[in-house]
Amino acid sequence: MKNQIARKLFLGFIHIHILHHGAKEPFFGSWMIDELKHHGYDMSPGTLYPILHNLESSGLLSKEEKNVEGKIRKYYSTTKDGEEVLRDLKEKALELVKEISE
């Protein structure tokens, strides 16, 4: 049970992290895997890409395909709706962290 709760919590943080970076500048999947690894999350493409597709189908991310050295690379950016959700999530996360750390 403890592992299930931790997994759900970390998946939520990963969603926030994705929206955060997509609001700053477009990113591609393997960059995000490396970024999350930098923060201690060991995420495979098989876990990340469904999250990206889900956020895109929810209207929180947009995707642009670019030809990079002959290969099509998909860049993700946070949409206006995604930025609103991100603002709300940041406020709620900060409020919760303050409360449980007192």
Options Lys92, Lys74: the member that is in a helix (DSSP H, G or I) and not aliphatic (A, V, I, L, M): Lys92
Run Tyr41 past the list (1) part of a helix (DSSP H, G or I); (2) in contact with a helix residue (DSSP H, G or I) (Cβ under 8 Å, 6 or more places away or on another chain); (3) surrounded by 14 or more Cβ atoms within 10 Å (Cβ to Cβ) and report the number of the one that doesn't hold. (1)
Given (1) of a type in the set (Gly, Ala, Ser); (2) surrounded by fewer than 12 Cβ atoms within 10 Å (Cβ to Cβ); (3) over 23 Å from Phe28 (Cα atoms), index of the condition Ala93 fails: (2)
Just the residues that are of a type in the set (D, E, K, R) and surrounded by fewer than 15 Cβ atoms within 10 Å (Cβ to Cβ), please, taken from the range 44-56. none
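Go through the range 48-71 and give me each residue that's in a helix (DSSP H, G or I) and either among the acidic types (Asp, Glu) or out of contact with any Phe, Trp or Tyr (no Cβ under 7 Å at 6 or more places or on another chain) (or both).
Leu48, Tyr49, Pro50, Ile51, His53, Asn54, Leu55, Glu56, Ser57
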Going by the structure shown, is Leu86 without any contact (Cβ under 8 Å) to a residue 60 or more places away in the chain, of a type outside the set (D, E, K, R) and not in a loop (DSSP other than H, G, I, E, B)? no
Filtering the range 57-80 down to residues that are of a type outside the set (Ser, Thr, Tyr) and surrounded by 13 or more Cβ atoms within 10 Å (Cβ to Cβ), which residue is farthest from Leu9 (Cα to Cα)? Arg73
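Values quoted throughout were computed directly from the atomic coordinates according to the rules given, and no laboratory measurement underlies them. Not measured: the values here are computed from a predicted model. Neighbour counts run over all protein chains shown; Cβ positions are idealised from the backbone, glycine included.
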